[in-house]
Amino acid sequence: ADGRAKPNCRSQDQPDRRTPPLALRCKRSVTNTLTRQLAKHDPDLVFAVTASTLVAAVPRSIKVVYIADCTFRQLTNYYASISDLPAAAIRKAEQYEQETIARADALIYASDWAADSAIRDFGADPAKVTVVPLGANLHSPPAAAFVAPPSKDQVSLFLLGVEWQRKGADIAIAAGEE
């Protein structure tokens, strides 16, 4: 109504190289949806899978485990859509990454390379960082839980992720229904 164009938050099309990625363009809309869903479900723990733009919306009363295969800084050398972003968009994305790393109760990275970047480039507390390879390449089960179990008979989990279909969140949902 005010004449300004709204970002296309539902598009799966690749924006041109000057346009910030979907997660940056649609942060306000997605954050509002997330806030409503968190209030509705009242989880004890949020697994935020490569969702650094959204973790700030998680209330401090809810523990956050942030899981990623790399940091934003590492992405800038691999994806053309990110490498050619304006400097302001890169700074904003790195700010979200920094805030998420500081906010998370535990940080899980898929490799030493990613964990080292979180520590070196974003000041992650090494005591909160764990490396757990992703996928079926696990040779042994991951280490014990990062967060003490709540004093409830039932645990409520909330999976937070961008592009969740591509990342297999349907598997997590199916596991939770068992």
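Values in this text are rule-based calculations from the coordinates and carry no lab data. Values in this document were obtained by computation on a predicted structure and should not be read as measured data. Counting neighbours? That spans all protein chains shown, and the Cβs are built from the backbone with ideal geometry, glycine included.
Compare the peptides 98-108, 37-47 by average per-residue count of other Cβ atoms within 10 angstrom and give them in order, highest first.
98-108, 37-47
Lys pairs in segment 19-132, Cα-Cα under 20 Å, at least 8 apart or on separate chains: how many?
4
What does the net charge come to around Q74 if you take all other residues with beta carbon closer than 13 Å to its beta carbon, with K and R at +1 and D and E at -1?
Overall, the nearby charge balance is -4.
Using a Förster distance of 35 Å, how high is the FRET efficiency between N32 and D170, based on the Cβ-Cβ distance and rounded to 0.05?
For N32 and D170, the calculated efficiency is 0.90.
Can you give the local net charge around A115? Use residues other than it whose beta-carbon is closer than 14 angstrom to its beta-carbon, Lys and Arg +1, Asp and Glu -1.
After counting each charged neighbour, the total is -3.
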